[in-house]
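The structure appears below as structure tokens.
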Amino acid sequence: MTEQAAASGRRAVREPAAAARVGGGSPGSGTAVVGLQWGDEGKGKVIDLLADGFDAVVRYNGGANAGHSVVIDGVRHALHLVPSGVFRPRCRPVIANGVVVDPIALVSELAGLVKAGVDVSDVALSDRAHLVMPYHKEEDGLRERALSAGRSGAAEDEVAEDRSIGTTKRGIGPAYAEKANRSTAVRARDLLDPAELRRKVHDACALRGPLFERLGGDPPDVDAIAEAVLEAGTTLRPHITDTVYLLHEMLGAGKRLLFEGANATLLDVDHGTYPFVTSSNCSVLGIPAGTGVPPHRIGAVTGVLKAYGTRVGAGPFPTEQAGEVGDRIREAGNEYGTTTGRPRRCGWLDLVAARYAAMLNGTTTLAVMLLDVLAGLDELRVCTAYRVGGEETGRFPADARALERVEPVYETMAGFAGEVTTATSLSDLPPGARVYLDRIEEYVGVPVGIVSVGPDRAQTIEV
Ligand code: IMP
């Protein structure tokens, strides 16, 4: 970033004293921040808090299905593709090769940031990153509709069982499938070669035409798509670079990298609640492939855990509370999707799932978020085991069907009341809240390093 950009500021911000001291990583290493549940844990806030101690914030997975919110001085910024570190001067936002990038959405997100006075000139986009094309989004929607209960074209004698995933319809699955299919996949570097891009778009559309018609859609318009994407490419051109060399050069120069996990561990395509997952490796395990940085460079891992459970889309959620408790959490926590606006399913904290996710990521610190949302509930429950066929287990099962069959075993604690949102240290918290945090730490076996008691940067406790 230019000096001018640093001075004009991505913005000057009020610093909570805590944020500058938490994290930072050691020179020449990477630190990861990942969600330990089904997403929406508050990773954006944690990354934004930590980013000042780092030289780059690197997205390595997912696409515009992610929605990270950062609240600065009461103003809420929603990010989908741009790394959350964009609000910090001297911290380079890098979209690495493992991300699937909707070029039209990225251009519009960058424009929104510029309008808000944010300098985006040093956002780096990997030349290897695959592009989410308009036909991927269309395919995502058509597939979901075809697999849902009221699907069109289902034979009369078919049982209309809902097999949809409840995706964000941002084209994530079809784009990763295209990447695996190879010859028709479009990468960011193709934006620099219009003839090659047009050829790929032509082939990809030709293969899709009959499928789209069969599913009740229109065949994709090759020329319109190619031109719209190439137009986005003219804006993105200065950002496209070889981020593998960029990141290795930074590490070699002793710089610190912060890896920003999008989506979350229980949505990981290999280790989550398959098939109700997203299509990338959202855990720390996705970092090496998604960036080109080898695993031994990853030092600390902050696992972000909401103080209760939420989930959007379909799939098992053993601790879901469909009634009063769930509604109360949804309203107090404003649990509506950043990307789609869908109401989130809400429930108690599942410690069995949290411990599994912490284990997979090699988590070194926990950040417990949205603790304030639980204030005022008479009692709190945490799930400490699953009962399966009369037996209790502390293990998280391998797939969704098995998880659907478990019965959660709860531990009940007294609720806490009083002012939580102004706490600046653990001793400011009501005793009940401290007992709750202690239980999380003890069960998961990882120390709590950050507690968030409100959306603003300043509402953060460093432990
Ligand atoms: P997709 O990633 O759009 O294919 O959606 C697959 C599943 O992951 C759906 O249940 C989505 O609701 C969920 N999902 C994807 N990204 C996020 C996220 O960032 N937060 C929460 N849920 C997500």
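The values are calculated or read from the model by the stated rules, or taken from the named source; none is laboratory data. Since this is a predicted model, take the numbers as computed values, not measurements. Note that each Cβ is placed from the backbone with ideal geometry, even for glycine, and that neighbours are counted across all protein chains shown. When the accessible area is computed, the model is the full protein with side chains, heavy atoms only, and any ligands, DNA or RNA have been set aside. Shrake-Rupley method; radii C 1.70, N 1.55, O 1.52, S 1.80 Å.
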Taking the conditions exactly as written (open to solvent by less than 90 Å² (accessible area, probe 1.4 Å) and in contact (Cβ under 8 Å) with a residue 12 or more places away in the chain), does G209 satisfy them or not? no
Failed item, numbered, when P220 is tested on (1) more than 21 Å from L147 (Cα to Cα); (2) open to solvent by 20 Å² or more (accessible area, probe 1.4 Å); (3) in contact (Cβ under 8 Å) with a residue 60 or more places away in the chain: (1)
Pick out, from region 1-87, the strands (runs of 3 or more DSSP E) lying fully within it that include 2 or more residues that are away from the ligand (no atom under 16 Å from the Cβ) and at pLDDT below 85. 68-72, 75-79
Filter result (closer than 19 Å to L305 by Cβ and in contact with a Gly (Cβ under 8 Å, 6 or more places away or on another chain)) within region 422-443: G432
For region 129-145, does any single residue satisfy the condition of being open to solvent by 10 Å² or more (accessible area, probe 1.4 Å) and in a loop (DSSP other than H, G, I, E, B)? no
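Yes/no per residue for (1) surrounded by fewer than 18 Cβ atoms within 10 Å (Cβ to Cβ); (2) modelled with pLDDT under 95; (3) not hydrophobic (A, V, I, L, M, F, W, C):
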site: A96; (1), (2), (3): no, no, no
site: A105; (1), (2), (3): no, no, no
site: L110; (1), (2), (3): no, no, no
site: V123; (1), (2), (3): no, no, no
site: G153; (1), (2), (3): yes, yes, yes
site: R163; (1), (2), (3): yes, yes, yes
site: R170; (1), (2), (3): no, no, yes
Where V82 falls short, out of the listed (1) open to solvent by 10 Å² or more (accessible area, probe 1.4 Å); (2) closer than 25 Å to I172 by Cα; (3) of a type outside the set (K, R): (1)
Which numbered condition in (1) under 30 Å from A300 (Cβ atoms); (2) in a helix (DSSP H, G or I); (3) among the hydroxyl-bearing types (S, T, Y) is the only one that T235 fails? (1)
Which of the residues that make up region 44-67 are open to solvent by 10 Å² or more (accessible area, probe 1.4 Å) and within 19 Å of L285 (Cβ to Cβ)? N65
